[in-house]
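Structure first, commentary second.
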Amino acid sequence: LAAFSGVRAQTFCPPTPTYTPCDLLFEMSAEETAAHPVPYTTVSLEAEFRSPRFRTHVLPGFWDGGSRLVVRFTPTEPGAWDFRLTSNLSRLNGQRGQVQATASGTSGFLRPRNVHHWGYTENDQAHLWMGDTCLRFGFVDDSFLDRLVATRARQKFNHIRGLVLGTGEDAASAFPAPGGPNIEYFRRLDRRIRTMNQAGIVADLILAGGDNQLTRMFPTPQARERYVRYVVARYAGMDVTWQGIAGFEDYEGGRELLREIGTLLRKLDPYNHPRSTDALVTSAPL
């Protein structure tokens, strides 16, 4: 239980196994909601966590609809994690709390071992990357995705790759402008990524599709940073990899764009999930 003096909504986070996400929930007051009618663009929230071994993770928070703000935290070692909030909401800024983590015995998150091999953060177990693609995994029927995940897990696949925003016209319903994300869509995406992770499958998240989707939807560096921050805040605590953009060779300024978003991912993701990109032909042009 993480309790805050002066915070309007209590945050219930029971003792959490390592490498398991836990949502710390905060409710904006009526006055704060009135002052921030579009929280996605105007509210800032992040939490700095200190591990029992004094390692520091800084995680952005995200708006989850209405007056609800979330920091999605995944402990990587057992023990007491202290944290402190930083926010432009004065009531939350500087508030402190604690999350208790328990040992889980899991292998941890995926890590590159060297140029050609993969492993995990917590043990010496090797990882043989076996991947499938379901680009519209946030939009297909629940029954279809459930069958796909169950079948691929039975066949020993351990990755499914998909587009965060979907393809073509999907993106307009996932992220309508200018108010920010479609919260119900992203909550459905949350559940689907959890379904994959529970089956032992890593979600390879492509941040945007082809036809310059990323720069068309988020034309300025500030808008792209806000979007990347939102995706990292929701999914860095899960078992994911970052897959950049679809077909980077066809993007206008594709290499520069990958450098931009890759730098953001490295800065924002305290778990350092693997970063790569989708390519039309080969990774050699990178």
For the chain, convex hull of alpha carbons as volume per residue, Å³: 132 Å³
Using only the heavy atoms of the protein chains and a 1.4 Å probe, how would 118, 242, 63 rank by accessible area, largest first? 118, 63, 242
How big, in percent, is the set of alpha carbon pairs in the stretch 47-107 lying more than 17 Å apart? 43 percent
When the helices in the chain are scored as -39500 (n - 2.57) per DSSP H run of 4 or longer and the sum is shared across all residues, what 222 nm value do you end up with, to the nearest 500 deg cm²/dmol? -8000 deg cm²/dmol
How big is the shadow of the Cα convex hull of the stretch 174-286, averaged over all directions, in nm²? 7.1 nm²
Over the Cα atoms of the stretch 74-151 the radius of gyration and the largest Cα-Cα distance (Dmax), both in Å, equal 19.2, 49
Using the 2.2 N^0.38 Å rule of thumb for compact globular proteins, work out how the stretch 231-286 stacks up: its C-alpha Rg over that value, please. 1.14
Alpha carbon centroid spacing (whole Å) that separates the stretch 77-96 from the stretch 21-69: 10 Å
Considering the convex hull of the alpha carbon atoms of the stretch 1-146, report its projected area averaged over all viewing directions, in nm², one decimal. 11.7 nm²
Between the stretch 205-223 and the stretch 106-160, what is the separation of their alpha carbon centroids in Å? 25 Å
State the percent of C-alpha pairs, over all pairs in the stretch 121-189, separated by a distance greater than 21 angstrom. 39 percent
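The values are calculated or read from the model by the stated rules, or taken from the named source; none is laboratory data. Just so we're clear, the structure is a prediction, and the values are computed from it rather than from any experiment. For the accessible areas, the whole protein counts, side chains as well, though only heavy atoms, and no ligand, DNA or RNA atoms are used. Shrake-Rupley method; radii C 1.70, N 1.55, O 1.52, S 1.80 Å.
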